[in-house]
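Chemist: Can you read through this structure? Questions will come right after.
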Amino acid sequence: MSKLKIAVLISGGGTNLQALIDACKQPDYPAEIALVISNRTDAYGLKRAEEAHIPTKIINHKDFSSREKFDAQMDKEISSYGVELICLAGFMRLLSDEFVTKWFGKMINIHPSLLPAFKGADANSDAVAYGVKISGCTVHFVSTEMDSGPIILQRTVPVLNDDDRDALAARVLEQEHLAYPEAVRLIAEEKVVIDGYKTIIED
Ligand code: GAR
């Protein structure tokens, strides 16, 4: 069976990218990473991709006069690699409605909270500040509204009394590294059906 070709989009350290790289090394894993794109030249995730001999592209948003033009360049690169699924992994740029609409159902994101709680750039700080007792991570299809779209899977962690942002982020990240490869596997095995605002996961 041919493997699902994925592109991973990053802006930073790329530990979720690493989890996907490691999963893809397993012979029976049904996906392979065709391309890693970073919008930042200094993203450590680029090194992780290079070490795994995965093609990388730096597309710096500062080189483009509009979000639409930046997204069009990404679309061109992604399409030229025959990518079937885009995985946002700590990619800290909002995407244009046009790009999101084109890739709807074929683009997923991982977010460090139990959505719809704590959308935005610093979910772990927000969760600690709010005082929730349980947090976690969410893998979801990307829709035009930020940190929204049909949820594929979630994993939970406890929030402890003395947690600060970093302590909670580290605990959530461990679960992200399990959740993201699992979500990609489910999609590659065609077990995820979008049903309106929800997904149905088939056995
Ligand atoms: C992860 O915690 C991811 O969930 C988060 O950025 C981190 C990236 O870490 N994404 C968001 O907050 C998106 N709204 P990584 O670069 O080590 O994978």
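We did not get these values from a lab; they are worked out from the coordinates using the rules stated. What you see is a predicted model, and the numbers here were worked out from it, not measured in a lab. Every residue, glycine as well, gets a Cβ built from its backbone with ideal geometry; the counts of neighbours run over all protein chains shown.
Chemist: What translational diffusion coefficient, in µm²/s and rounded to a whole number, does the Stokes-Einstein relation yield for the chain at 10 °C and a viscosity of 1.306 mPa s, taking the hydrodynamic radius as the Kirkwood radius over Cα pairs?
Modeler: Estimated diffusion coefficient is 92 µm²/s.
Chemist: What residues have an amide H closer than 5 Å to that of Val157, excluding those fewer than 5 places away on the same chain, when H is modeled at 1.01 Å from N in the peptide plane?
Modeler: Residues meeting the criterion, in which the H sits 1.01 Å from N, are Ser135, Gly136.
Chemist: So which trypsin sites (Lys or Arg not before Pro) in segment 110-203 pass both tests, a DSSP loop state and at most 10 other Cβ atoms within 10 Å of the Cβ? Write out the running numbers ahead of the final one.
Modeler: Values: sites: Lys119, Lys133, Arg155, Arg165, Arg171, Arg185, Lys191, Lys198; in loops: Lys119, Lys133, Lys191.
Here the trypsin sites (Lys or Arg not before Pro) that fit, given the DSSP loop and packing criteria, are Lys133.
Chemist: Quick check: residue separation of Ala129 and Gln73 times 0.36 nm, minus the Cα distance between them. What number comes out in nm?
Modeler: Working: separation 56, 0.36 × 56 = 20.16 nm, distance 3.82 nm.
Length gained between Ala129 and Gln73: 16.3 nm.
Chemist: When the chain is fully extended, how far beyond the present Cα-Cα distance does Asp63 get from Val193, taking 0.36 nm per residue of separation?
Modeler: Stretched fully, the Asp63-Val193 segment lengthens by 43.1 nm.
Chemist: Would you kindly state how much longer the chain becomes between Leu160 and Thr41 on full extension, computed as 0.36 nm times their sequence separation minus their alpha carbon distance, in nm to one decimal?
Modeler: Additional length available on full extension: 39.3 nm.
Chemist: Still on this structure, I have one more. So how strong a dipole does segment 18-128 carry about its Cα centre when Lys and Arg Cβ are +1 and Asp and Glu Cβ are -1, to the nearest 20 debye?
Modeler: The calculation lands at about 180 debye.
Chemist: How high is the FRET efficiency from Ala121 to Lys25, r the C-beta distance, R0 41 Å, rounded to 0.05?
Modeler: 0.85
Chemist: Consider all pairwise Cα distances in segment 144-203 and report the whole-number % of them above 17 Å.
Modeler: Details: 939 of 1770 pairs.
Value for segment 144-203 (Cα pairs over 17 Å): 53 percent.
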